[in-house]
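Accompanying notes for the structure given below.
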Amino acid sequence: MKFTTVISTLSVVSLPALASVTPVKRAASSDVEILNFALTLEHLEVAFYSGGLSKFSQSAFRSSGFSAEDRNRYEQILEHEQTHVTFLTNAIKAAGGRPVKPCTYSFPYKNVEQWVDISYTLESVGTSAYNGAIGAFKSKSYATRAGSIMGVEARQSAWINSAVRGENPWNTAFETPLDMNQAFTLAKPFIVKCPTSNVRLPVKANPPLTVGKAVGGNNVALTFSVPRGVGSKPLFAAWLTGTGTVFTRITNKQTKVPRGLLGFVYVIITTSGNVVTDANTVAGPAVVTFPFN
């Protein structure tokens, strides 16, 4: 059974072997700030799974073509995310920080199938966020813990996409890292309002990007706003994968989709054709998924 992704807004050239994977030049964040950002994402996941499991019974899962066992596994995923929240909260307090509290969220699902699709997106983005955070920690202990959580997020993503959605359990031989701004850009559409008492984190969401139906070798339409200051600079679409970043030139808000992309891919609009930084990002990332043969 195959399903279509419901979040495309989160949504020739061969892939270079182990090319530069989305290098980012930005001021280093403190370990507590990184932990609090991870807690921000974990709060979101807990709210998502709690809400969906409260709304959809085992009967709803079965009538949507899923199994009662699928729902049982999702309950276990919720327990994992709750454990992550507890660990991060305690770690932040132990370091003298103030843990962020949950926000108010809105998730655009109307049925079990849409909820499952969003769960795959959240787990994949969570994996990428932890992957990007590992190298930013000054503490080896925090980096090790982040790697441990990343492994669980990746297993959950693999289970959802293979056992539940009937598609491939992995993307490439390597996971794709995201920095905090990139990950927050994908999380922000779900966040309605956060407590005013929450500490301000050094993150900002990039302008949104929507990618049309992407097929390797074909042109695809890109929807985004060009900010002031960009002017007539050439623009590029950066296609982020675990094995490297591929750049394609944008003309009239269209670009040719690289051939050979597989699985879960991030797309970012930049003013550079060879490196992705927060400074040269125009919009995105968006998420695009490519089928395996």
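Bear in mind that the values in this text are calculations on the coordinates, not laboratory data. Keep in mind it's a predicted model, so treat the numbers as computed, not measured. Methodologically, a virtual Cβ is constructed for each residue, glycine included, from the backbone with ideal geometry; neighbour enumeration extends over all protein chains shown.
Here is how the numbers come out for the structure above:
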quantity	calculated
Residues of type lysines that LYS140 reaches as a straight line, Cα spacing below 20 Å, ignoring anything fewer than 8 places off in the same chain	LYS93
Coil-residue chymotrypsin sites (Phe, Trp or Tyr not before Pro) of region 233-292, DSSP, other Cβ within 10 Å capped at 12	PHE292
Distribution of pairwise C-alpha distances over the chain, 10 Å bins, in %	6, 29, 35, 23, 6, 0
Karplus-derived 3J(HN,Hα), 6.51/-1.76/1.60, for each residue of region 69-79, Hz, glycine and proline x	5, 4, 5, 4, 5, 5, 4, 5, 4, 4, 4
Relative exposure of MET150, MET180, judged by other C-beta atoms within 10 Å (fewest first)	MET150, MET180
Summed side-chain charge close to GLN58 - residues other than GLN58 whose Cβ falls under 11 Å, Lys, Arg +1, Asp, Glu -1	-1
Fewest-first sequence of ARG165, ARG200, ARG228 by Cβ atoms within 10 Å of each Cβ	ARG228, ARG200, ARG165
Stokes-Einstein D (µm²/s) once Rh is taken as the Kirkwood radius of region 31-193 over alpha-carbon pairs, at 4 °C in 1.567 mPa s	80
Likely footprinting exposure, ARG145, ARG155, fewest C-beta neighbours within 10 Å first	ARG155, ARG145
Lysines whose Cα lies under 18 Å from that of LYS233, excluding same-chain neighbours fewer than 8 positions away	LYS253
